[in-house]
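We did not get these values from a lab; they are worked out from the coordinates using the rules stated. For clarity, every value in this text was computed on a predicted model and none was experimentally measured. A quick note on method: Cβ atoms are made from the backbone with ideal geometry, for glycine too, and the neighbour counts reach across all protein chains shown.
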Amino acid sequence: MFQSLTQRLSGAFDRFRGEKELTESNIEEGLRDVRRALLDADVHFQVAKDFVDSVRERALGQAKIADKGVSASDQFVAAVHHELVELMGPEDARLQMAKSGPTVILMAGLQGAGKTTTCAKLARLLVTKHAKRPLLVAADVKRPAAVEQLRVLGRKLNVPVFHQEGLGPADVCERGVAHARAQGNDVVILDTAGRLHVDDELMDEVAEIARRTSPDDQILVVDSMTGQDAVRSAQEFHSRLSLTGVILTKFDGDARGGAALSLKKVTGCPILFLGTGEKIEDLDAFSAERVAGRILG
Ligand code: GDP
């Protein structure tokens, strides 16, 4: 992830080598490279444009109050770093926990995005880092393989998995929450059905689950490898659900990074976690500061 973006940005920063100070003209040249690097990384074009405008403003501001000890290159890098953190954060978002009763986390996403795996990763994180007692609910009622996949993961983690044959998805979820309350589970993770594409039936189903279970968190799981499509599907889901956040999976892959950079700005949804591998422990809390640092190499 970000390999090519990092390289391209470092090319932009190289322009400032030997420059004594930031000037309107060297800033413009640097910005042209930054814009190209972002578009190349599949960043949404409006996001790239606004980003460049913000960096320009910041760099010009810095040029005026320049400390002679700081090189032009360092000033320009600092401006890009600052705006990257603003773009992806600036505050890092967290899960919202219920004040009383079990916290309900609805997980939605397209098939193959990594939803079921991520439900299990989240359950593990809640057990190991937050001493919680989660219950996983298998609500993809049309796909027995998905229910079995969650059961296997639950056994591995020693986390209970709730499912009832013959019920619709919203009924399974509602009963799952009641079951958690009865059994003393303090978090319920609803693994809803995925589809290959966003369609009305899927949206109606997830919206009905949300209506019946009043989730504290409504999280969309998106595959970072799908670039701008990840952003588009987040927009579509957000138009039907009140998403509280996004988890970007396959961050260990060689995607160009556009989804990570565009998501928050385009959808207004913060990124909560990053899936960084196939193993159950491969889930990191999202940190705009850390990702910005990684982009800048
Ligand atoms: P679902 O259809 O959305 O429930 O997707 P699954 O949970 O079944 O995951 C689909 C595939 O993506 C599986 O092969 C997972 O192992 C893989 N996967 C999920 N998350 C990640 C991740 O963060 N990194 C990598 N490399 N693979 C992942």
**Request:** Taking the Cα centre of the chain as origin, work out the dipole magnitude from +1 charges on Lys and Arg Cβ and -1 charges on Asp and Glu Cβ, in debye rounded to 20.
**Result:** 680
**Request:** Could you please report the charge total around H163, scoring K, R as +1 and D, E as -1 over all other residues with beta-carbon less than 15 angstrom from its beta-carbon?
**Result:** -1
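On alpha-carbon atoms, Rg over Rh for the range 164-287 using Kirkwood Rh? Walk me through the numbers on the way to the answer.
Numbers: Rg = 15.3 Å, Rh = 15.5 Å.
For the range 164-287, the value is 0.99.
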**Request:** Take every Cα-Cα pair in the range 1-135 and report what % of them are more than 24 Å apart.
**Result:** 49
**Prompt:** Say the cut-off is 19 Å between C-alpha atoms; which of K129/K250; K115/K265; K129/K264; K20/K64 go over it?
**Reply:** K129/K250; K115/K265; K129/K264
**Item:** q = 0.09, 0.10, 0.15 Å⁻¹, the range 94-214: log10 I(q)/I(0) [Debye, one scatterer per Cα]
**Value:** -0.21, -0.26, -0.60
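Can you say what percent of the DSSP beta bridges in the range 201-297, counting only those with both residues inside, are antiparallel? Round to 5. Intermediate results must be reported in sequence, preceding the final value.
On the way: 3 of 11 bridges.
Once the DSSP bridges in the range 201-297 are tallied, antiparallel ones form about 25 percent.
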**Message:** Run through the range 240-297 and list the GluC sites (Glu not before Pro) located in a DSSP loop whose Cβ has at most 14 other Cβ atoms within 10 Å.
**Reply:** E278, E281
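Among DSSP bridges having both ends in the chain, what percentage is antiparallel? Round to the nearest 5.
On the way: 3 of 28 bridges.
Just about 10 percent of them are antiparallel.
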**Message:** Could you compute the net charge surrounding D33? Neighbours are other residues with a C-beta less than 12 Å from the C-beta of D33; K and R count +1, D and E count -1.
**Reply:** +1
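Which GluC sites (Glu not before Pro) does the range 124-202 hold that lie in a coil by DSSP with at most 11 other beta carbons within 10 Å? Let's see the in-between values first.
On the way: sites: E148, E165, E174, E201; in loops: E165.
Qualifying residues, ordered by number: E165.
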**Asked** So which trypsin sites (Lys or Arg not before Pro) in the range 1-89 end up in coil per DSSP with only 14 or fewer other C-beta atoms within 10 Å?
**Response** R17, K20, K68
**Prompt:** What does the helix-only formula give at 222 nm for the chain: each DSSP H stretch with n ≥ 4 adding -39500 (n - 2.57), the total divided by the residues, and the result rounded to the nearest 500 deg cm²/dmol?
**Reply:** -17000 deg cm²/dmol
**Message:** So if I place +1 on the C-beta of Lys and Arg and -1 on the C-beta of Asp and Glu, and nothing else carries charge, what would the dipole magnitude of the range 1-80 be about its Cα centre? I want it in debye, nearest 20.
**Reply:** 60
**Message:** Using 5 Å bins from zero, what percent of all Cα-Cα pairs in the chain falls into each bin?
**Reply:** 1, 6, 12, 16, 16, 13, 10, 8, 6, 5, 4, 2, 1, 0, 0
**Fill in**
Around T118 (Cβ within 14 Å, Cβ-to-Cβ, excluding T118; K/R +1, D/E -1) the net charge comes to -4
